[in-house]
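The values are calculated or read from the model by the stated rules, or taken from the named source; none is laboratory data. Given the structure is predicted, the values throughout are model-derived calculations rather than measurements. Cβ placement follows ideal geometry from the backbone for every residue including glycine, while neighbour counts extend to all protein chains displayed.
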Amino acid sequence: MAAEVLSAQGIAVDLYDSMPSVGRKFLLAGRGGLNLTHAEALPRFISRFAEREAALSPLIHAFTPEDLRAWAQGLGIDTFVGTSNRVFPTDMKAAPLLRAWLHRLREAGVRFHMRHRWLGWNGAGAMRFDTPEGEVAVTPQATLLALGGGSWSRLGSNGAWYPWLQARGVDLAPLQAANCGFDVAPIGAGRSGWSDFLRQKFAGQPIKPVALQFTDQHGHTRRQQGEFVLTDTGVEGSLIYAFSAAIREQINAQGAATIHLDLLPSHTADQVLAETSRPKGPRSLSTHLKSRLGIQGLKMALLHEVLSAEQLADAAQLAQAIKALPITLKAPRPMDEAISTAGGVRFEGMTEQLMLKNAPGVFCAGEMLDWEAPTGGYLLTASMATGRHAAQGVLAYLKS
């Protein structure tokens, strides 16, 4: 996106990428349908960036979700708004958009250098690249780094840049997993996580419908309905990702975080209590809950996982657990498994044009900046908006 802005102004642009082809994480984002952006009202959209709302607001106002859709249309890619207000190309694919985009960039004179892995700067201040032909040094008039965060290292985002910027005194926040799964804390003695029975029978299965409620370390409580997946070690999926930043921060501060699951979000607490209090006669508890409340399979297994036999036999405690089952999480999954990362180059260490204060002529954009957002098109939109804004900064720098 930065190359597009710069080349349109007649600037000679060389784009270096460590991978054999460009846009590999972009293509991965489109594997299940390319979620380009989100169609909710702009104030709500910008609020999704939480602590970095103020920093990103002017950038996204300058390149809104509607602007992004118009940009895609200019490449011959029509978009539509899905049922969840997420915006997709009509064919759901990333490859046609990327092909059209790269063709336009090449026509504009952008030169692509593949298999060029950045190694930082040499003693003379030139950029070092490892290439198939050996190491080369490049001294541009301005540099724009868009190196990604620390997730999906096999696609090039490995955070290798962090110590090189740190050595130059750049203001950095530690990289952390975002939009990630979590490992569950041991529930019983002698366990490392889920029981063998739960893992072997239900790992990989979705839990739906379910509502998740979480109170963060600042006392703010939020509830959201959706679904997620039980894993070998814990939980992951869209509903978990929606809370991942708050869960991670509470784990950082307190060593653990407890979420509460409403296994029957369509029922009131009184309705559930009425059914758990109803005499079950000769039927087993599982049969009773299945016939009266529709609880079975993984939901029933989770109740057995968390509650003791005495609690299961107590109608009030059982009803309370069905509406607010506590699951304690002990750690986020490794950063390389995460959809995105938090942390990186702090806005406080850059000018308003996204130039590093400690490295004049060096600009940064994209996920390597210290911001995070949920899935739903926010990541791509903000990455593109920061790319455009940093390119405008490069233009101003070159003119000065």
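Pick from region 333-356 the residues that are in contact with a Ser or Thr (Cβ under 7 Å, 6 or more places away or on another chain) and crowded, with 19+ Cβ neighbours inside 10 Å: which of them is nearest to CYS180 (Cα to Cα)?
Of everything passing the filter in region 333-356, ALA338 is nearest to CYS180 (Cα to Cα).
Checked against (1) in contact with a Pro (Cβ under 6 Å, 6 or more places away or on another chain); (2) not assigned by TED's automatic domain parsing to the domain that holds ALA365, ILE187 passes all but a single condition, namely (1). Among the residues making up region 107-138, none is more than 29 Å from TRP164 (Cα to Cα) and within 30 Å of the chain's Cα centre (by Cα). Of the listed requirements (1) surrounded by fewer than 16 Cβ atoms within 10 Å (Cβ to Cβ); (2) under 25 Å from the mean Cα position of the chain (by Cα), ASP196 misses just one: (2). Residue check, GLN141 against (1) at pLDDT 95 or above; (2) not in a loop (DSSP other than H, G, I, E, B), all met but one. Which one? Checking GLN141 against (1) at pLDDT 95 or above; (2) not in a loop (DSSP other than H, G, I, E, B), the one that fails is (2). For residues that are under 23 Å from ARG48 (Cα atoms), basic (Lys, Arg) and out of contact with any Phe, Trp or Tyr (no Cβ under 7 Å at 6 or more places or on another chain), tally how many sit in region 187-241. Residues in region 187-241 being under 23 Å from ARG48 (Cα atoms), basic (Lys, Arg) and out of contact with any Phe, Trp or Tyr (no Cβ under 7 Å at 6 or more places or on another chain): 1 in total.
Just to confirm my filter: which helices (runs of 4 or more DSSP H) fall fully inside region 240-326 and include at least 1 residues that are in contact with a strand residue (DSSP E or B) (Cβ under 8 Å, 6 or more places away or on another chain) and in contact (Cβ under 8 Å) with a residue 24 or more places away in the chain?
Because the criterion is at least 1 residues that are in contact with a strand residue (DSSP E or B) (Cβ under 8 Å, 6 or more places away or on another chain) and in contact (Cβ under 8 Å) with a residue 24 or more places away in the chain, the helices (runs of 4 or more DSSP H) in region 240-326 that meet it are 297-306, 315-323.
Note on region 172-193: residues that are of a type in the set (A, V, I, L, M, F, W, C) and more than 25 Å from the chain's Cα centre (by Cα) total 2.
Go through ALA382, ALA359 for me and flag whichever is small (Gly, Ala, Ser), surrounded by 24 or more Cβ atoms within 10 Å (Cβ to Cβ) and in the same structural domain as PHE49 (by TED's automatic domain parsing). Selected residue: ALA382, the only one of ALA382, ALA359 that is small (Gly, Ala, Ser), surrounded by 24 or more Cβ atoms within 10 Å (Cβ to Cβ) and in the same structural domain as PHE49 (by TED's automatic domain parsing). Considering SER151, SER157, SER192, the condition of being in a loop (DSSP other than H, G, I, E, B) and not assigned by TED's automatic domain parsing to the domain that holds VAL13 is satisfied by SER192 alone.
Determine if region 69-82 includes at least one residue that is surrounded by fewer than 18 Cβ atoms within 10 Å (Cβ to Cβ), among the aromatic types (Phe, Trp, Tyr) and in contact with a Pro (Cβ under 9 Å, 6 or more places away or on another chain). Within region 69-82, one or more residues are surrounded by fewer than 18 Cβ atoms within 10 Å (Cβ to Cβ), among the aromatic types (Phe, Trp, Tyr) and in contact with a Pro (Cβ under 9 Å, 6 or more places away or on another chain).
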